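Novice: What follows is a structure written as structure tokens; I'll ask about it next.
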Amino acid sequence: MKLRLDALIELGFYGLSWPRLKQEEEKISVFLERFHEKEQGFLQLPKVKSALLSSLKLAEKLRGRFEDIVVLGIGGSALGVTCLRDALKGPFWNFKKEGPRLFVLDNLDTVGEVEELLNLDKTLFVVITKSGTTPETMAQYHYFKEKVSKENFIFITDPKEGELRKIGASYDIPMLDIPQNVGGRFSVLTAVGLFPAALLGIDLESLMKGAEDMAHSFQAKDMELNLPFQFATVQYLLDWERGIPMTVMMPYSSRLHTLADWYRQLLAESIGKEGRGLTPITALGVTDQHSQLQLYNEGPTDKLFCFIEVLKQSSPMIPTIENPKLNYLSGHRFDELMATELKGTRQAISEYKKPNLTLEIPEVNAYELGQLFLFFECSIAFLGEYYRINAFDQPGVELSKKLTRQLLS
Ligand code: PA5
């Protein structure tokens, strides 16, 4: 994976120079020290193999028994799983014949519709909630509990606390742990992501290897080698010094569309607090060139554009088109057209003097996805230090939960 800052640096006035970025380098050691004091567990996940092994073991035991998997979870207990499925099996996986299909029920109004698609006896319900009390998830669990036997459930939750843990123990339902020092939105490389991914036959070893390599980069004191620090520094300086508080995450790959959703939660919930924060926006290349690009080019200069470029994609070829106005498309593959549109859009955005950078990956595979997960998580750890806020809690979501409880009671 490469982080390309060339377009940003070439911008001069609106952008940032490399010497300016390098002035921040001395902060790496201090930030790492402060981060380690917080004793967050996500960095160790690629090395500690227990989640990987227990997920693989349980998945192996269940292989072939179920046609469909339904994840009941929300937020950090849903977005990473969805991203793993879409990136590594494709966004149309559920329409393919291979199976098992994987549905992620992370909203309340789709329960009935999804139920109609399922043969309930042949469906495995994976209930994921770190707290074990999240109302959306627990309501859905109780709904399906009335309809299928306990053999159709697996729980993934805190090793000790919470209602789900208690229910699991009393019904003797197999359970996998979310380590206590790993927050929900940082949990994709625990059983939360690994177990459903194992059921889909995703290459978990490569996923974890990619993550482990990025975890090393995070510890590098040399800024050139520390990609998460570079990204966080650009975001912070653009916000703090130039009033550019938004980050548009724009992958040019349908497979990575839900990675942008996953990142949106990570950035918003981690950094948006104490009156500060960066606003994440998701966009999909090429689709959103036809919906948002007008604003991006000619609107206010208040966004950093983060393109994700995939060098190797495969797709069919466009046939010969005789129409003289369209024959420039003839004989090119669809992915070639996509790559060219990215180049054109990036150049246009630069000509409009909007700050932009590119994350470049050779292809969408498990290794690269592991790198991306850790890259973003580690950049958040640095951002938390820049803004001097705790990136690992979410006190601001409590009030609406409390009020919902009061209203329903
Ligand atoms: O990052 C977080 O902690 C949250 O977004 C949670 O993932 C989300 O609220 C779901 O919580 P739980 O896993 O406890 O059901």
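Novice: Dipole of the range 295-393, Cα-centred, from +1 at each Lys and Arg C-beta and -1 at each Asp and Glu C-beta, to the nearest 20 debye?
Specialist: 280 debye
Novice: With every protein chain left in place and a probe of 1.4 Å, what is the accessible surface of residue 315, to the nearest 10 Å²?
Specialist: Using a 1.4 Å probe on the heavy atoms, I get roughly 40 Å².
Novice: While we're here: For the chain, modelled as a GNM with alpha-carbon contacts under 10 angstrom, which of 338, 317, 250 fluctuates the most?
Specialist: Between 338, 317, 250, it is 317 that shows the largest mean-square fluctuation.
Novice: What percentages make up the Cα-Cα pair-distance distribution of the chain when the bins are 20 Å wide from 0?
Specialist: Calculated over all Cα pairs of the chain, the distribution is 26, 55, 19, 0 percent.
Novice: Please report Rg (one decimal) and Dmax (integer) in Å for the Cα set of the range 42-202.
Specialist: Expressed in Å, the Cα Rg and Dmax of the range 42-202 come to 14.3, 41.
Novice: How big is the gap, in Å, between the Cα center of the range 361-400 and the Cα center of the range 1-80?
Specialist: 6 Å
Novice: Taking the Cα centre of the chain as the origin and placing charges on Cβ (Lys, Arg +1; Asp, Glu -1), which of 73, 133, 396 is farthest toward the positive end of the dipole?
Specialist: So the residue furthest toward the plus end is 133.
Novice: Further question: Leaving out ligands, DNA and RNA, and with a 1.4 Å probe, what % of the accessible surface on the range 42-202 is carbon or sulfur?
Specialist: In the range 42-202, the share of accessible area belonging to carbon and sulfur is 53 percent.
Novice: Let me ask something else. Rg and Dmax in Å for the range 263-409, alpha carbons only: what are they?
Specialist: Here Rg and the maximum Cα pair distance are 20.3, 68 Å.
Novice: A follow-up question, please. Tell me the net charge near residue 339. Cut-off is 12 Å between Cβ atoms, residue 339 excluded, with +1 for each Lys or Arg and -1 for each Asp or Glu.
Specialist: -1
Novice: About its Cα centre, how strong a charge dipole does the range 112-202 have in debye, to the nearest 20, once Lys and Arg get +1 and Asp and Glu get -1 at the Cβ?
Specialist: 280 debye
Novice: Only Cα pairs within less than 10 Å get springs; with that Gaussian network setup on the chain, which residue of 277, 12, 90 has the largest fluctuation?
Specialist: Evaluated over the chain, the most mobile residue of the options is 12.
Novice: While we're on this one: Largest first, please: the extent of the C-alpha atoms of the range 166-314 along each principal axis, to the nearest Å.
Specialist: The principal-axis extents, from largest down, are 59, 40, 34 Å.
Novice: Please tell me which of these pairs span more than 23 angstrom C-alpha to C-alpha: 89/209; 130/150; 303/401; 89/312?
Specialist: Working: 89/209 19 Å; 130/150 20 Å; 303/401 31 Å; 89/312 16 Å.
Correct reply: 303/401.
Novice: Mean-square fluctuation check for the chain, GNM, Cα pairs under 10 Å: which of 167, 28, 321 is largest?
Specialist: Among 167, 28, 321, the largest GNM mean-square fluctuation belongs to 321.
Novice: Quick one: what are the phi-derived ³J(HN,Hα) couplings along the range 141-147, Karplus 6.51/-1.76/1.60 with θ = phi - 60°, whole Hz, x for glycine and proline?
Specialist: 4, 5, 5, 6, 4, 5, 10
Novice: Probe of 1.4 angstrom, ligands and nucleic acids ignored: what's the accessible area per residue over the range 42-202, in square angstrom?
Specialist: 43 Å²
Novice: Going from most exposed to least, what order do 209, 57 have by accessible area with a 1.4 Å probe?
Specialist: Greatest to least solvent exposure: 57, 209.
Novice: Could you let me know the centre-to-centre spacing of the range 181-237 and the range 103-154, using Cα atoms, in angstrom?
Specialist: For the range 181-237 versus the range 103-154, the Cα centre distance is 28 Å.
Novice: Per residue of the range 371-384, in order, report the coupling 6.51 cos²θ - 1.76 cosθ + 1.60 (Karplus, θ = phi - 60°) as ³J(HN,Hα) in whole Hz, putting x for Gly and Pro.
Specialist: Each residue of the range 371-384 in turn: 4, 5, 4, 5, 4, 5, 4, 5, 5, 5, 4, 5, 4, x Hz.
Novice: Using the heavy atoms of the protein chains alone and a 1.4 angstrom probe, what is the accessible area of the range 260-409 per residue in square angstrom?
Specialist: Solvent-accessible surface per residue comes out at 49 Å².
Novice: Positive end of the charge dipole of the chain (Lys, Arg +1 and Asp, Glu -1 on Cβ, about the Cα centre): tell me which of 45, 376, 88 has its Cα farthest that way.
Specialist: 45
Novice: For the chain, what does -39500 (n - 2.57) per DSSP helix run (n ≥ 4), summed and divided by total residues, give at 222 nm, in deg cm²/dmol to the nearest 500? If you can, show how the numbers build up before the last one.
Specialist: Numbers: 16 runs with 184 residues, N = 409.
So the helix-based figure for the chain works out to -14000 deg cm²/dmol.
Novice: Dipole size in debye (nearest 20) for the range 42-202 around its Cα centre, Lys and Arg Cβ +1, Asp and Glu Cβ -1? Don't jump to the answer; show the numbers that get you there.
Specialist: On the way: 20 positive and 19 negative charges, 143 e Å.
The dipole of the range 42-202 has a size of about 680 debye.
The values are calculated or read from the model by the stated rules, or taken from the named source; none is laboratory data. From a predicted model like this one, the values you see are computed outputs, not experimental measurements. Every residue, glycine among them, receives a Cβ derived from its backbone with ideal geometry; neighbour counts consider all protein chains shown. To get the accessible areas, we keep the full protein, side chains included, count just its heavy atoms, and leave off ligands, DNA and RNA. Shrake-Rupley method; radii C 1.70, N 1.55, O 1.52, S 1.80 Å.
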